[in-house]
Every structure is written in structure tokens, then in C-alpha cells.
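Participant: My questions will all concern the structure given below.
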Amino acid sequence: MIARAAAAFLLLLLAPAHLHAAEPWLGRWAEDAKYCAKPGESGNETPMTFTRTSARWFGTCKIRSVRTQGKSWVLSTKCPSSAAPLRIHLHMEGDRLKAFWGEAHPLLMARCAS
């Protein structure tokens, strides 16, 4: 019985990443739900979308790596608007996502409905 449990645990550890629970920061986020359906004209009124490979806001940044730090993540990205890599810091506050990078003030966002 112990050998069977150990084998099942080993299979779980070796399973491809897509079989594990999705990271909570994946998805489409906005500061106000009304901006999910119709983006506004400023940055705070425009939803952000995070996939495993990209971060989209006004443009699309390619995610090169993700570093987990407890309930926080640091995404190292390459954006067309910047010669240097951009680090996007994400942190879950309950069911809301806080995102900040560079000199920008943190955005506290709610998940947009699918």
C-alpha cells in the first residue's frame, strides 16, 4: 500500500505542468468590472491579460520566466516598448490581483468574467 501511494505521488510530481492547477494570476483582469466589456481610454480603464507566455495591456510582452515567491510572482518579460527586460510583480490579495512594474503605481484588479 505504501509503495502504491509513493508511486502515485511520484507520478504527480513528474506530471506535465499543464496537469497541475493553473496559476491564479492567469486570465483577464481590470480595475473595474465595467472595463472588462468595454475598455476605457486610460491605462487604469484597460484590462490586462496574462497567459503562460504573454502579458497584454496596450501591447504584448513575451514572458521569459516566472519566479514564485509565496503568494507572489515575478514575471521577467520582453516588451516591444523597452530595450531592457521588464519585471512585472504580481500578488494575490484575496480574489484580486495586484500588479506593478517599473515606476507605475500598483493596479489592484478583479478577474473579468469569461
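Any read-out appearing in this document is the output of simple, stated calculations on the displayed coordinates, not a laboratory observation. Since we're looking at a predicted model, the values are computed, not measured. Note that we place each Cβ from the backbone using ideal geometry, even for glycine, and neighbour counts take in every protein chain shown.
Participant: Separation between the Glu93 and Ala33 pseudo-spin-labels, each 7 Å from Cα along Cα→Cβ, expressed in nm?
Facilitator: Roughly 1.9 nm, to one decimal.
Participant: What is the range 23-111 by shape, rounded, prolate or oblate, if you read a ≥ b ≥ c off the alpha carbon gyration tensor as root eigenvalues and call it rounded for a/c under 1.5, prolate for a/b larger than b/c, and oblate otherwise? Don't jump to the answer; show the numbers that get you there.
Facilitator: Values: a/c = 1.70, a/b = 1.17, b/c = 1.45.
Oblate, since a/c reaches 1.5 and b/c is not below a/b.
Participant: Do any chymotrypsin sites (Phe, Trp or Tyr not before Pro) in the range 55-95 lie in a loop, going by DSSP, with at most 12 other beta-carbon atoms within 10 Å of their beta carbon, and if so which?
Facilitator: Numbers: sites: Trp57, Phe58, Trp73; in loops: Trp57, Phe58.
Passing both the DSSP loop test and the Cβ count: Phe58.
Participant: Please name whichever of Cys61, Ala33, Pro47 sits farthest to the positive end of the charge dipole of the range 21-64, dipole taken about the Cα centre and charges placed at Cβ: Lys and Arg +1, Asp and Glu -1.
Facilitator: About the Cα centre, the residue reaching furthest to the positive side is Cys61.
Participant: Now, a different point. Scan the range 69-112 for trypsin sites (Lys or Arg not before Pro) in coil per DSSP, keeping those whose Cβ has at most 15 other Cβ atoms within 10 Å, and list them by number.
Facilitator: Values: sites: Lys71, Lys78, Arg87, Arg96, Lys98, Arg111; in loops: Lys71.
When the trypsin sites (Lys or Arg not before Pro) of the range 69-112 are filtered for loop state and at most 15 Cβ neighbours within 10 Å, Lys71 remain.
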